[in-house]
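Remarks on the structure that follows.
Every number here is computed from the coordinates shown, using simple stated rules; none is lab data. What you see is a predicted model; the values in this text were computed from it and never measured. No Cβ is skipped: glycine too gets one built from the backbone with ideal geometry, and neighbour counts run over all protein chains shown.
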Amino acid sequence: MNIVEKSSFELGEEATLSHTVTNTDIQTFAHITGDTNPVHLDEDYAQNTRFSGKIAHGIFVAGLVSAVLGTQLPGPGAIYISQQLRFLAPVYPGDTITARVKVLAWDNIKGRVTLLTEAINHNGVIVLTGEAQLVMSSFLKG
């Protein structure tokens, strides 16, 4: 496989990915991580919380942001250095979430890119916001 790593970025450059969250997504994430908090898995329990129903794991939603970072922008060869997150609103099964990243800064000497990271639901509500810094793996050689 011949993968070409991107070598420069423009301020304001953006990429997105959309996904409709399913109960299966939530159950699978709980199984993989061991996070079986009943607010994610038990509808009867979750109905009696401030959310009035089951919600997706916040880190699952953050994973959609990670998918954009790893596959589109900055893309293949990008390695996480840091990620700051704020969870602003719940995500429910059936919600379509659009993960969006936007280049805020590019250091072409160190190969580091800083990006705004967001997840927005189908109603236009920002459910997650933050900032990520990644380094391109080609800058780690030698």
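Annotations for the structure displayed:
- Listed residues PHE29, TYR80, LEU41: farthest to the positive end of the dipole of the stretch 14-140 (Cβ charges): TYR80
- Whole-number percent relative contact order across the stretch 14-140, with pairs defined as alpha carbons under 8 Å at least 6 apart: 28 percent
- The 3J(HN,Hα) values that the Karplus relation (6.51, -1.76, 1.60; θ = phi - 60°) gives for the stretch 46-57 are, in residue order, 5, 4, 9, 10, 4, 8, 6, x, 4, 10, 6, 5 Hz. Gly and Pro appear as x.
- Nearest 10 degrees, 0 to 90: helix 23-33 Cα axis against the chain principal axis: 70 degrees
- Inter-site label distance for ILE32 and THR96 at 7 Å from Cα along Cβ, in nm: 2.3 nm
- In terms of overall dimensions, the C-alpha atoms belonging to the stretch 66-142 reach 46, 18, 15 Å along their principal axes, ordered largest to smallest.
- Qualifying aspartates and glutamates (Cα of each under 19 Å from Cα of LYS141; at least 8 residues distant if same chain): GLU5, ASP107
- Relative to the current alpha-carbon distance between GLU10 and TYR45, full extension at 0.36 nm per residue lengthens the span by 7.9 nm.
- The long axis of helix 58-71 is offset from the longest Cα principal axis of the chain by roughly 30 degrees.
- Globularity index of the stretch 1-116, i.e. its alpha-carbon radius of gyration over 2.2 N^0.38 Å: 1.25
- Convex hull volume of the C-alpha atoms in the stretch 36-87, normalised per residue: 95 Å³.
- Most to least packed among 103-109, 47-53 [average Cβ atoms within 10 Å]: 103-109, 47-53
- Each residue, PHE87 and ASN108, gets one label point 7 Å from its Cα in the Cβ direction; the gap between the two is 4.0 nm.
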